[in-house]
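A short reminder: the numbers here are calculations on the coordinates, not readings from a lab. Computed from a predicted structure; not experimentally measured. In this analysis, Cβ positions are derived from the backbone assuming ideal geometry, glycine residues included, and neighbour counts consider all displayed protein chains.
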Amino acid sequence: MAAAERPAGGPVLLDVPVTGGIPGAVAGALTLFAAGNADAIERIRPVLETMGKVVISGPNIGDGQSYKIVNQLLATSQLVVAAEALAFAERLGLDTGKVFDAVKGGAGGSWMLENYGPRMLDANTGDIAARVDIFLKDAALVGETAERVGFEGGMATATVAVLERAAALGLAARDASAVIDVYRKS
């Protein structure tokens, strides 16, 4: 139901999924994909902004979720690619710290590499930013959504396969940086 279809004076439904994980939530630095009635979003914007940056993603309920799904395709696949690249560098006998420093700011760099790469190289120690099973859930949702709308992309399928291997290795409750172990054990 579009927010504009609500009964006069009735409650307003908004669609506001977030991204940024535990660190973003703690820091009040999430990205919020706000969809629905524009006036209602503006009324609650001050509350939303206490959690992070508000991105208006459309007038319809579901538009926010669609933005989140696109974001999760990028985030989950970039996590897996970062793990594969760093494990590949290890297998090549390279100094992975130097490789990381060399590529993180270049064309192959990404937020996921920059933020998860150091933990991948430090044996996945430290606080959990986001668990492997959360990434698996998100990647599976991307695949289900793509199938529902008839979109044939292979990245979500490949990403789910790697994350399922990670879960099968007992890494589901670990920080997502542990995905590198899928490649280290191959």
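Antiparallel versus total DSSP beta bridges in region 3-61: what percent is that, nearest 5? Of the beta bridges lying entirely in region 3-61, close to 35 percent run antiparallel. Amide H contacts of A129 (H built 1.01 Å from N, in plane; Pro and chain starts excluded): A176 sit under 5 Å, all sequence-distant by 5 or more or on other chains. Here the label points at R45 and F88, each 7 Å from Cα along the C-beta direction, are separated by 4.3 nm in the simple model. Calculated FRET efficiency, V12 to V70, Cβ-Cβ distance, R0 = 30 Å: about 0.75 to the nearest 0.05. Net charge dipole, region 1-85: roughly 120 debye, given to the nearest 20, about the Cα centre with Cβ charges of +1 for Lys and Arg and -1 for Asp and Glu. Over all Cα atoms in region 3-61, the spread is summed up by Rg and Dmax: 12.1, 39 Å. Taking Cα centre as origin and charging only the Cβ of basic (Lys, Arg, +1) and acidic (Asp, Glu, -1) residues, the dipole magnitude of region 68-184 rounds to 20 debye. When only DSSP loop residues count, what GluC sites (Glu not before Pro) in region 117-180 have their Cβ near at most 10 other Cβ atoms within 10 Å? Those that pass, being in a loop and sparsely packed, are E152.
Among the lysines of the chain, pairs that are 8 or more positions apart or on different chains and have alpha carbons within less than 28 Å of each other number 9. What the Cα convex hull of region 68-184 gives, in volume per residue, is 98 Å³.
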